[in-house]
Structure formats: C-alpha cells, structure tokens
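Inspection log for the structure reproduced underneath, given as structure tokens.
The values are calculated or read from the model by the stated rules, or taken from the named source; none is laboratory data. Only a predicted model underlies this, so the values are computations on that prediction, with no experimental measurement involved. For neighbour counting, all protein chains shown are included, and Cβ atoms are generated from backbone atoms with ideal geometry for every residue, glycine included.
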Amino acid sequence: MRNKYVEAFEQAQVTEKNVPDFRAGDTLRVAVKIKEGEKERVQNFEGVCIAKRGTGTGCTFIVRKIGANSIGVERIFPLYSDSIDTITVLRKGRVRRSKLFYLRERRGKAAKIRELRK
C-alpha cells in the first residue's frame, strides 16, 4: 500500500513528460542535456535498448551502443529524468526476450537484431 500523496506526485511527474512507447530491442536516440560550466548543450546517445525496469517515476532503461575500437558502452537512464531532452525510436526490433543482456557477449553480425515488419 503506497501513500496517496506520493502516488499523486508521481502521477503529476509522469503526465508532464512526453515519452514514446518503446521496449527492449528497439534502437533509440536519447538526447541528453549536458552542463559544462555555465553552458548547457544536448548530446545524442544512440543504441539498442537492452532492458527496461521499474514503474512510475522510478522506471529506468539501459541503452547499449558500440563505441570506438568495438567497445560496448552502456548507459542507464531514468525515464522521467530532467536531463533527458527527447527520446526518439529509430527502429523497432523483433526480439523474444524482455532483457537482452546476452548482447554483451556478442560481436558484429551476431549482435544484430532483426527489424519488426508490420
């Protein structure tokens, strides 16, 4: 049983933010606000969503991309964070799991995810 005031606050936070519908296997472009001294800029982080967990304002998702020299880079983003500017779904992936942690051991074509065709 949760406190009704906490639930009302969380509901206000959730409705304020415009979040697209995505799931594990989708390729995302997350625009993150970065503050450097006095300036603030937006940097894109593009990769495959490998997991989504939690509910309400505590919901997080993990995005994995392959960086320089074929090194995998993962970032965990809170879904309703103020540091996230926009989330764009680039591709819908066809996967059979809700957590794609097996992609950490795969390289090249073995790590490829098929696109969902409608």
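Would you mind finding the one in Ala31, Ala51 that is in contact with a Phe, Trp or Tyr (Cβ under 7 Å, 6 or more places away or on another chain), aliphatic (A, V, I, L, M) and closer than 23 Å to Gln13 by Cα? Break it down stepwise before answering.
On the way: Ala31 fails: in contact with a Phe, Trp or Tyr (Cβ under 7 Å, 6 or more places away or on another chain).
Selected residue: Ala51, the only one of Ala31, Ala51 that is in contact with a Phe, Trp or Tyr (Cβ under 7 Å, 6 or more places away or on another chain), aliphatic (A, V, I, L, M) and closer than 23 Å to Gln13 by Cα.
For segment 69-111, which positions are part of a loop (DSSP other than H, G, I, E, B) and either of a type in the set (A, V, I, L, M, F, W, C) or within 17 Å of Leu28 (Cα to Cα) (or both)?
Filtering segment 69-111 for residues part of a loop (DSSP other than H, G, I, E, B) gives 71, 79-83, 92, 94-100, 106-107.
The answer is Ile71, Leu79, Tyr80, Ser81, Ser83, Lys92, Arg94, Val95, Ser98, Lys99, Leu100.
For Gly67, work out the one condition from (1) in contact with a Ser or Thr (Cβ under 6 Å, 6 or more places away or on another chain); (2) at pLDDT below 95 it doesn't fulfil.
(1)
Where the second residue is modelled with pLDDT under 90 and surrounded by fewer than 12 Cβ atoms within 10 Å (Cβ to Cβ) and the first is under 14 Å from Ser70 (Cα atoms) and lies in segment 96-118, which pairs have Cβ atoms under 9 Å and are six or more apart or on separate chains?
Arg107/Ser70; Gly108/Ser70
Per-residue answers, yes or no, for (1) touching a residue at least 24 places away in the same chain (Cβ under 8 Å); (2) in contact with a strand residue (DSSP E or B) (Cβ under 9 Å, 6 or more places away or on another chain); (3) surrounded by 13 or more Cβ atoms within 10 Å (Cβ to Cβ):
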position	(1), (2), (3)
Arg41	no, yes, no
Phe45	yes, yes, yes
Thr55	no, no, no
Thr60	no, yes, yes
Arg64	yes, yes, yes
Gly67	no, yes, no
Leu79	yes, yes, yes
Thr86	yes, yes, yes
Val89	yes, yes, yes
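So which of Arg29, Arg96, Arg75 is closer than 22 Å to Glu115 by Cα and surrounded by 10 or more Cβ atoms within 10 Å (Cβ to Cβ)?
Working: Arg96 fails: surrounded by 10 or more Cβ atoms within 10 Å (Cβ to Cβ); Arg75 fails: closer than 22 Å to Glu115 by Cα.
So the residue among Arg29, Arg96, Arg75 that is closer than 22 Å to Glu115 by Cα and surrounded by 10 or more Cβ atoms within 10 Å (Cβ to Cβ) is Arg29.
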